[in-house]
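Before any comments, here is the structure.
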Amino acid sequence: MKNKSRKASKLTNVAVKSASIIISSLIIITLILVMPIISYTDKKTKVTENISIVTFFKRWKPLVDIEGELTSHSVSDINTDIVTPDFTDGLDLPQIIEGQYTVLFLGFDEEGLNHDVNWIFQFDIAKASLHVLQIPRDTFMGADGAYANVSTGKFNSVYSHNSSGGSPIQSVVNAVQDNFGIPIDAYVTTNCYDIVDMVNLIGGIPITLEQEMMYEADKRIPAGYSVLSGEQAEWFVRYRRTFTDEGDIGRVKNQRKFLAAAMSKMMNIIEDEGRTKFYSYLREIYNNKYILTDMSIEDISKIADLASTIDMENVSVYLLPGEGADYYPPDYVYASDNPPPSVWSVHKEAALDMINEYFRPYQLDMGEYNSALTELVTDYLNTSNDNASDNLKDIQNGEQKTNMLDDYSDE
């Protein structure tokens, strides 16, 4: 009996010692992980600080090396009546202007050269609202090659033209900041075929159509309620077949339906499946490189959290004011089979009025002399698109003012 007691006592002592060692090791590891032992320099702000291993991995940006880090950008026209020294929006993000966070989103074609989807998402953090600016791919950017390819003059060529001499994405950001006066905090890019994988990952996008959409003869989306598969989602955002009067502008307006449906899906995931599941989707999108971005997974999570708190009626989408026009490049030679490029000529005054009101909430108003925007047409023939805006709640309720899905016939 005594031997058994001694053995039991020894086993207990061993167990206690082992547990003590394990607990001590965990405490030491935890302390190491949270201790500020890594010297970290932010590439944008150039500020160096000591951070923990945990913080380092949260700030790690494994996708930034492909497109590159944006150069730091300072703003001198901040409205100091609003942004006082003690002004804070309560969100810890690397922002150019306190109170707002602005993301440039580019959607590329199959070759990854032309960015045919160009959206600026500006989160007004202090006011819990989101404004989205749609820049048509054909927006005229001048004939001097300062931003776009001289042969087309179109915004969607800024990336491949790369006039900055640095990274192509920096050239696009420079064009946005110089022409529209909107400071860009971060970027997100994706390719049309990555939309397929992302939509399939989250189980599709519910949407309701008034009539059938025919992308091609064998590629149709039925009228009524549908859950778009990844492939159908790609058809939807690229669809322009029956927008004969407005072409790409019709497609731009139509894409608002997809944006409303996608944001509604995001909120439903959080509500029905929980934030943990939602973050797992974000991480998989991030890890599979369905997007390229200079944001860390922590930054994306913070923005996603913010977006989930914004009511749909406080998310408004705006089209860059302008009208269609023909552009005659310097090297253009007329021929019946060689029509001049069709571009979107910006209405500069209307564009700046809209940008000042909705996309520069914490800056002084920008005048025409501060913007590099070029008007190809000054004698306007069409001003109907100068106020083409919608909020996502109206779109979701089928009350979109700029609805382009009126005819899906074969004609």
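The values are calculated or read from the model by the stated rules, or taken from the named source; none is laboratory data. If you're wondering where the values come from, they're calculated on a predicted model, not measured in any experiment. For neighbour counting, all protein chains shown are included, and Cβ atoms are generated from backbone atoms with ideal geometry for every residue, glycine included.
Quick one: would you say residue 299 is farther than 21 Å from residue 109 by Cα and crowded, with 18+ Cβ neighbours inside 10 Å?
It is true that residue 299 is farther than 21 Å from residue 109 by Cα and crowded, with 18+ Cβ neighbours inside 10 Å.
Answer with yes or no whether residue 162 is surrounded by fewer than 18 Cβ atoms within 10 Å (Cβ to Cβ), over 18 Å from the mean Cα position of the chain (by Cα) and within 29 Å of residue 312 (Cβ to Cβ).
The answer is no for residue 162.
What pairs come out if I take residues in segment 166-187 that are in the same structural domain as residue 294 (by TED's automatic domain parsing) and on the phi > 0 side of the Ramachandran plot and pair them with residues that are surrounded by fewer than 22 Cβ atoms within 10 Å (Cβ to Cβ) and of a type in the set (A, V, I, L, M) whose C-beta lies under 6 Å away, six or more apart or interchain?
That search, which allows pairs on different chains as well, returns 181/366.
Give just the number: which of (1) within 26 Å of residue 236 (Cβ to Cβ); (2) of a type outside the set (A, V, I, L, M, F, W, C); (3) at pLDDT 90 or above does residue 406 not satisfy?
(3)
In segment 78-114, which residues are in contact with a Leu (Cβ under 6 Å, 6 or more places away or on another chain) and within 15 Å of residue 130 (Cβ to Cβ)?
Keep residues of segment 78-114 that are in contact with a Leu (Cβ under 6 Å, 6 or more places away or on another chain), which gives 79, 101.
Residue satisfying the conditions is 101 alone.
Out of all the residues in segment 274-326, which are in a helix (DSSP H, G or I), over 22 Å from residue 91 (Cα atoms) and of a type in the set (Lys, Arg)?
Correct list: 277 only.
If we keep just the residues of segment 227-237 that are crowded, with 18+ Cβ neighbours inside 10 Å and among the small types (Gly, Ala, Ser), which is nearest to the chain's Cα centre (by Cα)?
Taking the candidates together, the pick is 233.
Determine, yes or no, whether residue 132 is out of contact with any helix residue (DSSP H, G or I) (no Cβ under 8 Å at 6 or more places or on another chain) and under 28 Å from residue 273 (Cα atoms).
no
Taking into account only those residues within segment 84-106 that are surrounded by fewer than 21 Cβ atoms within 10 Å (Cβ to Cβ) and touching a Ser or Thr at 6+ places or on another chain (Cβ under 7 Å), which is modelled with the lowest pLDDT?
If we take residues in segment 84-106 being surrounded by fewer than 21 Cβ atoms within 10 Å (Cβ to Cβ) and touching a Ser or Thr at 6+ places or on another chain (Cβ under 7 Å), then 94 is modelled with the lowest pLDDT.
When the residues of segment 347-397 are filtered to those that are assigned to a helix (DSSP H, G or I) and of a type in the set (Gly, Ala, Ser), which remaining residue is farthest from residue 154 (Cα to Cα)?
Checked segment 347-397; the qualifying residue farthest from residue 154 (Cα to Cα) is 350.
Tell me, yes or no, whether segment 200-214 has at least one residue that is buried (at least 17 other Cβ atoms within 10 Å of the Cβ), of a type in the set (Asp, Glu) and assigned by TED's automatic domain parsing to the domain that holds residue 107.
no
Name every residue in segment 179-196 that is more than 18 Å from residue 66 (Cα to Cα) and either in contact with a Pro (Cβ under 6 Å, 6 or more places away or on another chain) or at pLDDT 95 or above (or both), in order of residue number.
179, 180, 181, 182, 183, 184
Which residues, counting only those in segment 143-156, are surrounded by fewer than 22 Cβ atoms within 10 Å (Cβ to Cβ) and touching a residue at least 24 places away in the same chain (Cβ under 8 Å)?
Step one: filter segment 143-156 for residues surrounded by fewer than 22 Cβ atoms within 10 Å (Cβ to Cβ), giving 143-146, 149-152.
143, 146, 150, 151, 152, listed by residue number.
Name the residues in segment 194-243 that are over 18 Å from residue 398 (Cα atoms) and among the hydroxyl-bearing types (Ser, Thr, Tyr), would you?
Passing the criteria: 215, 229, 239, 242.
So which residues in segment 173-220 are in a helix (DSSP H, G or I) and farther than 18 Å from residue 239 by Cα?
Once the filter is applied, which keeps residues that are in a helix (DSSP H, G or I) and farther than 18 Å from residue 239 by Cα, segment 173-220 yields 173, 174, 175, 176, 177, 178, 179, 180, 197, 198, 200, 201.
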